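The values are calculated or read from the model by the stated rules, or taken from the named source; none is laboratory data. Keep in mind that this is a model prediction, so the values were computed, not measured. What goes into the accessible areas is simple: the full protein's heavy atoms, side chains included, and nothing from ligands, DNA or RNA. Shrake-Rupley method; radii C 1.70, N 1.55, O 1.52, S 1.80 Å.
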Amino acid sequence: MSPQRFIATKQHRRFVEFADAVRRQRTIGICYGQAGIGKTLSARRYANWHKAERLLEEWGPRDDSDFPIYAALARKRTVFYTPTVLSTPRQVRDDLTGLTVQVSACIDEHLINTGELQTRPRTLGRHVELIIIDESDRLNATALEMVRDHYDRDNVAVILIGMPGIEKRFSRYPQLYSRVGFAHEYRPLSKDELRFVLERRWPKYGHPLDPDDFTDAQALAAIARITRGNFRLVDRLFTQMERIMQINELNTITDDVVEAARSTLVIGIT
C-alpha cells in the first residue's frame, strides 16, 4: 500500500479487542479474512511495528531518539512476524527467537529509562506476551507444531492470521486446535466505514466528499460497487484515479474517472 494516514475503522477496533483478549488470557487466537481488507495493517499497528520495524532490522548502537520506540513496544509487548514462502520450521523458530529477544531488549531499555527496572535481566525474551504470525497459511505441520510447543513452554500468547478456511485447516491439528481460545473474522469495510475512509481522502482532490452532491454520490456508488469494501482495492483504485486526473487535468472525482481507473486494474472482483 502507498503511505496513507492510518484510519482506525470498526474492524481495526474489533481486532484490537480480539488481540487484547488473546494476550490477556495467554491463549491462541485465529484471525481470518479475505485478502486486502486490512488484517496485516491492523496487526502491524497493534504491535507498533510501523514504528519499530526499521530499528529491529538495522540492529546496532542506539541513541536517545529511540526511546519512544522502546515505549511503544513496551505498551503492547508484541512481536509481529511474517514467514517467507519457503520458510523452514528451523528458520521460523530462529526468526521468532531473534525477534523476541530484540523486542524484549527494547522493553528492558524502556523499563530502565523509567526506573521500573534497575538492572538488565539474565533471561532474554521474558517481556514478550504475544506473537502475531501473519500469512500463517505458509506454515507447514512441523512449523505449526513448533509454534504450539513454543506456546506451551514459554506461556506466550499467539495469533495466527490467514485466509478464510484457515480455521478449518488448523482443526486438523488437535494438539494446536485444542489450545485455540478465540477465532476472529476480519470483515471488509461496511458502507458507512467506506464512506468514513473516503471522506478523509476526498479533500486531496479539491473539495470534501458530499453524498448529497449527485456527482460525488455517483462516484461513491461506483467505488463501493468496484471495491466491495476491500481496503487494498480502495488504495489501488485511488492511485489510478489520481494518475488519470493528473493526465487529464481534472479536479473532480466522477464516476467516469472511477470507471477509467477500474479499467486499468487487474482485480478479482467485479
**Complete:** Taking only the alpha carbons of the stretch 61-112, the radius of gyration and the largest Cα-Cα distance, Dmax, both in angstrom, are 13.0, 39
**Fill in**
Among 113, 155, 248, the residue with the largest mean-square fluctuation in a Gaussian network model of the chain built from Cα contacts under 10 Å is 248
**Asked** Using the C-alpha gyration tensor of the stretch 191-264, what are the square roots of 5 times its eigenvalues, in whole angstrom, with the largest one first?
**Response** 16, 15, 11
**Asked** Using the alpha-carbon atoms, what tilt in degrees (0 to 90, nearest 10) does helix 67-76 show relative to the longest principal axis of the chain?
**Response** 80 degrees
**Asked** When the chain is modelled as a GNM with alpha-carbon springs shorter than 10 Å, which of 39, 191, 76 fluctuates the most?
**Response** 191
**Request:** Could you check how much of the accessible area of the chain is carbon and sulfur, as a whole percent, using a 1.4 Å probe?
**Result:** 48 percent
**Where the chain is the region considered: accessible area per residue in Å², 1.4 Å probe** = 53 Å²
